[in-house]
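Structure first, then comments.
Rule-based calculations on the coordinates, nothing more; no lab input. Note that the structure is predicted; figures quoted are calculated from it, not measured. Using ideal geometry, Cβ is built from the backbone for each residue, glycine included, and neighbour counts are taken over all protein chains shown.
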Amino acid sequence: MDKQEFLRAVQSYFERAADAVELPDHVRTILSQPKNELIVHFPVVMDDGKVRLFKGYRIQHNNLLGPYKGGLRYHETVSLDDVKALAALMTWKCALMDIPFGGAKGGIKFNPRVHSEGEIRRITRRFTHALGSNIGPEYDIPAPDVGTSSREMVWMMDTYMNTVGHVEKNAMMRVVTGKTVTCGGSRGRDKATGQGVVHCIVEWARDHRFDLEGKTVIIQGFGNVGSHTAMILSRLGVSLIAVGDHTGYRYNEEGFNPHKLAEHVRQHGSIAGYEAGEEITREQFFQVKADIFVPAALENQIGVAEAQALRVRLIAEGANGPTTPEGERILLERGITILPDILANAGGVTVSYYEWVQNKRSEQWELEEVDARLEAAMKRNYRRVMDFARDRRVDPRVAAYGLALERLKTAYAERGIFP
């Protein structure tokens, strides 16, 4: 599926949920399009002295409930439709989790793996400068996404702080979240998305009297989300038996050591070259029999063929939009439960909100407090989604979207349309 198909998929889920909650036509129209679409072109000097022009995006979907919020993606496939879809997902995610943020997304169309650290730093700083006042700590707050990390967020924060008035400089720290702890980040933010995925898996297992001890998981994508999900699940007795990323796939019947694999990825940038297990094809990966599948890579990974091949009981979407509508129909017909992205991977934006609050208050919370708040939020909203799905007789994705739209519908009804 191309990026336009991904956007249409997100819109189709939106339409189904809008029908389920009887969303007024004017609200449906407003939410069907982003408020602002920004495209910037900016030059950067490469290490060899040549100048290259880069294309960057920032889509601000909706800010009814609070400042725009969403990640920045560095990837060669970044496109306008891609970012529009992801920005809408952020709106639904924040509304579902009762976080006072709206939805946004951004990115730069390039492959960071072929650039030096110095080039990536200059690209990040120049992009931040190009965005200018289109971001801000009370207006639009970026965060990490695919291809970015706390390193890029610190560069972005520093660039922004040095472009505002001297007196206001230190009040700008919360312009981004996902920073290092040293530079104003929150404890627990690095594992927050994976931790949220695991909380949803644990709650589902409790609902179905499904003992996780001795069970197996396969994970697609072993970056921040996939690696932390695997490491946290391993402490619950769940064994990682198949894993894949952009370089290929591996299988190990006895289970991988997720900590060693994560360290290998940190050192080498991918699972390529990891000695344990055997190399398998993408097709073979989706045929591996396991209890749980966590897609934690890019969107549109589970189409018709993959949905027919999968032999799992539960899918917990660590990535945004990994399942196509056609794939989802097949999975639901086969009785495979899908914990949707805007619920399952919402731990990241939840702890990003905690980071923003800590910066705003000049506080630093202990890890135990962050973890306790996140666990309570994930469990509360998991239960809300499942209760909605049962009561309205819809699947969990429509339920999650529906709860988000109900909150937005209420806010529009109470506030009205200006003027």
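What to note about this one:
- Inter-centroid distance (Cα atoms) of the range 291-342 relative to the range 16-54, Å: 25
- Fewest-first ordering of R393, R174 by other beta carbons within 10 Å of each residue's beta carbon gives R393, R174.
- Note on the range 172-211 and the range 348-419: Cα centroid distance 13 Å, given to the nearest whole angstrom.
- Debye-sum result for the range 322-419 in log10 I(q)/I(0), which assumes one identical scatterer on each alpha carbon, at q = 0.17 Å⁻¹: -0.92
- Taking label points 7 Å from Cα along the Cα-to-Cβ direction, D48 and Q308 give a separation of 4.6 nm.
- Anchor K215: aspartates and glutamates whose Cα lies under 14 Å away (excluding residues fewer than 8 positions away in-chain): E253, E254, D291
- Full extension of the chain between T77 and N162 yields a length gain of 27.5 nm, computed as 0.36 nm times the residue separation minus the alpha carbon distance.
- Residues Y401, Y412, Y57 arranged by fewest to most Cβ contacts within 10 Å: Y412, Y57, Y401
- Of the residues P43, Y160, T77, the one whose Cα sits farthest toward the positive end of the charge dipole of the range 35-175, with +1 on the Cβ of Lys and Arg and -1 on the Cβ of Asp and Glu, is P43.
- Geometric descriptor of the range 35-175, per residue, is 101 Å³ (volume of the convex hull of the Cα atoms).
- Members of K109/K409; K169/K260; K105/K379; K169/K379 lying beyond 31 Å, as alpha-carbon distances in this model show: K109/K409; K169/K260; K169/K379
- The range 5-156: relative contact order in percent, alpha carbon pairs under 8 Å with at least 6 residues between: 25
- Remark on R311: its backbone amide H falls under 5 Å from those of A290, a criterion applied only to residues 5 or more positions apart or on other chains, H modelled at 1.01 Å from N.
- Percent of beta bridges antiparallel (DSSP, the chain, rounded to nearest 5): 50
- Averaging the sequence gap over all C-alpha pairs within less than 8 Å and six or more residues apart, then dividing by the number of residues, gives the range 101-219 a relative contact order of 20 percent.
- Placing +1 on each Lys and Arg Cβ and -1 on each Asp and Glu Cβ, with no other charges, gives the range 192-344 a dipole about its Cα centre of roughly 240 debye.
- Projected label distance in nm at Q33 and L367, using a 7 Å step from Cα toward the beta-carbon: 4.8
- Neighbour-count order for I280, I302, I135, fewest beta carbons within 10 angstrom listed first: I280, I135, I302
- Theoretical FRET efficiency, 1/(1+(r/R0)^6), r = Cβ-Cβ of A276 and D207, R0 30 Å, to 0.05: 0.35
- Of all complete DSSP H helices in the chain, those with a Cα span along the helix axis of 18 Å or greater and a mean Kyte-Doolittle hydropathy of 0.0 or more are 80-96, 192-207.
- Relative contact order computed over the range 266-419 (Cα-Cα under 8 Å; 6+ residues apart), in percent: 15
- Cα centre as origin, Lys/Arg/Asp/Glu Cβ charges: the range 26-171 dipole, Debye: 220
- Three semi-axes of the equivalent ellipsoid, the chain, Cα gyration tensor, whole Å, largest first: 31, 27, 21
- Springs join every pair of Cα atoms under 10 Å in this Gaussian network model of the chain, and among D25, D48, D211 the largest mean-square fluctuation is at D48.
- Taking θ as phi - 60° and the Karplus parameters 6.51, -1.76 and 1.60, the scalar couplings of the range 34-49 work out to x, 6, 9, 10, 10, 10, 10, 10, 9, x, 9, 7, 7, 4, 8, x Hz in sequence order, x denoting glycine and proline.
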